[in-house]
Amino acid sequence: MDEEQLWHRLNRRLVAKIIAECSYEGCLHPDTLDSHRFRLMAGGHCYDFTARKTVWDYLWIQPASLTRDGQLATSAATAMLDFQGALGVNDMVLGNFLEELHNTLAGDRIQQAVLSELTAADLLDLPATELESLLDGHPKALANRGRLGWGLSELNQYAPEAGNALHLRWLAAHRGCGLQVHGTPAPEQCLEEDLLDRWKQRFPAPEWVFIPVHPWQWKQLIVIQYAAAIARGELVDLGTAGHRYRPQQSIRTLSNSDHPQHCDLKLSLTILNTSCYRGLPPGPIAMAPRLSSWLAGIAGSDPVLSHAGMAVQRELGSVHIPQQAQHQLNGTPYRYREMLGAVWRESLLSKTANGEKAMLFATLMQTDGGGQALIAEIIRRSGLTTRDWLARLFERVTIPLYHLLCRYGIGMVAHGQNLGLILRDWQPQRVVVKDFHGDLRAAESPLPERQGVPKDILAGLKRLPPRHLLHDLYTGHMVTTLRFISPLVEEQCGMAESAFYQLLGERMIAYQQQHPELAEHFAEFDLLRPEMERVCINRVRFRIGYADDAQRPLPELGQPLNNPLQPETSDD
């Protein structure tokens, strides 16, 4: 495939995504020509395409079928200009969005050039960190590789799809700089023993702590914004050192390339990507070590969770250093409060035993360069029927998350990057959960207290009404991952979407019948009701634009969804 063909293919994929997601969110309104043909009139232009409407009221579009005024659609930027009026986006916002869009295409180009040479079988045989670097990323976000602040050199150096390992910058931080330390940071997981010993002699504990910094963050922000602390000798640059790291899909989280079983690192990275700047908020990371240890204890002691094998990637320690002047402004843009921090988190590979395979849950949404679904290859290798494989998946992933919600009033934003999946003989064994600063919340009800969730943990969690909290599972997991998995299963595994969700609904009802003591909570977190709220993220960007804010943006609601999990009723 030459450069022009690749460019056109990338753009058609992105145009299909724009039309599909904006239609799902109620911003665009294609007309139905017949059961598989649709037409969208926008900006004086005609977009025709082949698609099928899934059970989520979502258009599963064939990108190769997309035409604009009878010619193949080959420009996502042109499509956005055509759709501007329908989307209600002003020039200022659209101009910024087009930059995100072109950054996304640049990242897609790197990824798709690699994928074009690999089959689904090839991808599944890669080490977990290499496979993760080639995944598509968040499927709901239109510009999911937007990465504002980066150019081509940064993409080639630091983007996961580029496949490079990098060395980190290290600082010695003195307590006098406002240093906040929580849990047990683990620099020994990241550095050679003799080097760490030399540093400790020069900068002894407990007055000093060693903190890793992403090399881009150091050059772009820290060396300038923290110049006063550096001048005072409270921050000392120790240079580039230690083990090599590969960026995960979330970019700011990195896997140890030299010692894959060692801790992952999550570092502040002040670029705008998908919905927000990717810094580390000090409040939530302060809670993360205690919170993840508590959850790991629950996973091991609760009969349902331990039977399902749920595991937790504990966040062992965190460090945050405020920028002193910004710290004094309560209403400063949130990105300035999150510039310098680090979290040490157990790796996904450390949760595997011999003979087990670890992967992100997002792998199940992925196709190879030829369109072959990885989930289809996984099911083929497992030797199970599609129904049996999915039943096992739901029992080991969705039911434990549902139990955590209904038993403890704890919700996780369980999207494809927050969940790990452990397989043995390619059959689902257990789910591994991670990311506890900001993506774990509690019910605004007496339930968590009644179930013994510690008060100090609850004090640090955001509390949501049950009708909102249930969307951490419904929208965060089902809409954000299963919505993109079930069409692949229908197309390539022969199991209709309706049967897919009927099976999931049956598993949930069976769980409810096994736990009648939770009946009140099942009604409180009603995932089986006929209609559910439709949570939208892209139209938030179109509405709020790119101006700074003191708080991270929140999603909006669209028209209600017909819930595919609703049990079928008999006419008898």
Residue set 535, 540; condition within 30 Å of residue 148 (Cα to Cα), at pLDDT 90 or above, among the β-branched types (Val, Ile, Thr) and within 23 Å of the chain's Cα centre (by Cα); output residue 535
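Considering only residues that are polar (S, T, N, Q) and in contact (Cβ under 8 Å) with a residue 40 or more places away in the chain, which ones fall in the stretch 29-60? Lay out the reasoning, then the answer.
If we filter the stretch 29-60 for residues that are polar (S, T, N, Q), which is where we start, we get 32, 35, 50, 54.
Hit for the stretch 29-60 is 54, nothing else.
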Checked pairs for the stretch 442-464, first outside the structural domain of residue 290 (by TED's automatic domain parsing), second part of a loop (DSSP other than H, G, I, E, B), C-beta under 6 Å and 6 or more apart or across chains, list as 442/409; 442/461; 443/409; 444/465; 447/409; 448/409; 463/444; 464/444
What strands (runs of 3 or more DSSP E), lying completely within the stretch 359-454, carry at least 3 residues that are over 24 Å from residue 488 (Cα atoms) and either touching a helix residue (DSSP H, G or I) at 6+ places or on another chain (Cβ under 7 Å) or aromatic (Phe, Trp, Tyr) (or both)? 410-412, 440-443
Would you pick out the residues in the stretch 517-542 that are among the aliphatic types (A, V, I, L, M), closer than 18 Å to residue 480 by Cβ and not in a loop (DSSP other than H, G, I, E, B)? 532, 535, 540
I need a count of the residues in the stretch 113-131 that are farther than 14 Å from residue 360 by Cα and in a helix (DSSP H, G or I). 6
Within the bounds of the stretch 482-492, is there any residue that is touching a helix residue (DSSP H, G or I) at 6+ places or on another chain (Cβ under 8 Å) and over 19 Å from residue 398 (Cα atoms)? yes
Residues in the stretch 184-206: is at least one more than 19 Å from residue 344 (Cα to Cα) and part of a strand (DSSP E or B)? no
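The values are calculated or read from the model by the stated rules, or taken from the named source; none is laboratory data. Just so you know, these numbers come straight off a predicted model, no measurement behind them. Please note: Cβ atoms are built from the backbone with ideal geometry, for glycine as well, and neighbour counts cover all protein chains shown.
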